[in-house]
1. Using Cα-Cα distances under 8 Å and only pairs 6 or more residues apart, what relative contact order does the chain have, in percent?
2. Along its principal axes, what span do the Cα atoms of the chain show, with the longest given first and each in whole Å?
3. For LYS118, go through the lysines and keep the ones whose alpha-carbon is under 20 Å away, minus same-chain ones fewer than eight residues off.
4. Which three semi-axes in whole Å describe the equivalent ellipsoid of region 4-63, each the square root of 5 times a Cα gyration tensor eigenvalue, listed largest first?
5. For region 66-129, what is the Kirkwood hydrodynamic radius in Å, using each pair of distinct C-alpha atoms?
6. Most fluctuating residue of LEU128, LEU38, LEU52 in a GNM of the chain with Cα springs under 10 Å: which is it?
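Just so it is clear, none of the values below were taken in a lab; they were calculated from the coordinates. This is a predicted model, so every value here is computed, not measured.
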Amino acid sequence: MIGKLTGLVDSVAADHVILDVGGVGYEVFCPARVLGHLPKTGERTSLVIEMLVREDMIRLFGFSSVAERGWFRQLCTVQGVGAKVALAVLGVMSANDLAAAIALQDKDTLTRVPGVGKRLAERLVTELKAVAPPLDAPGAIIGGGTAVAPSRDPAAADAISALVNLGYGEPQARAAVASARAEAGEDAPTASLIRLSLKELAR
């Protein structure tokens, strides 16, 4: 199985790139966001690869990060979502934005993706959220080096819980949210804290 390809950009089409790896041109289908950030023709780039093998074809999908590929895999587990729709979602939303939308059950954001209507958006947030338990407020968060009771900062508590439910360790989540809170200010809502925290965790 192919997990990563590094080579020269040969040509870029509407939905794929031809990547020249040692003289062999690999056709790699990518989200629009990935295609839009590729270097110029002839320059070197690396893509994280998901390889789909079927009886009648072998197809490669390319992503800018392991997290992005992980969301592609998760999206494809949802009924009615194939590779085309999954690429469309990741073409509009970054892995961090998608994680935040799922954590917050934000169906409206998902409906902005071409081909994703209200029913499919509902299915996406329901089925992907089912991978993790519902939001539960943790006992405390750390901010400025001191413990803060969730009752005094419910938005931060919900943000930590959302990150834990997405698979991050609680100490990691607390540190990221503390950093996000310091950056965003005391009045920042949960959604903003999650987005900033995900950016911090992606560094």
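1. Reported as a whole number, the value is 13 percent.
2. Here the Cα extents, ordered largest to smallest, are 59, 36, 27 Å.
3. Those lysines meeting the cut-off are LYS84, LYS107, LYS129.
4. 18, 13, 10
5. About 11.2 Å for region 66-129.
6. LEU52
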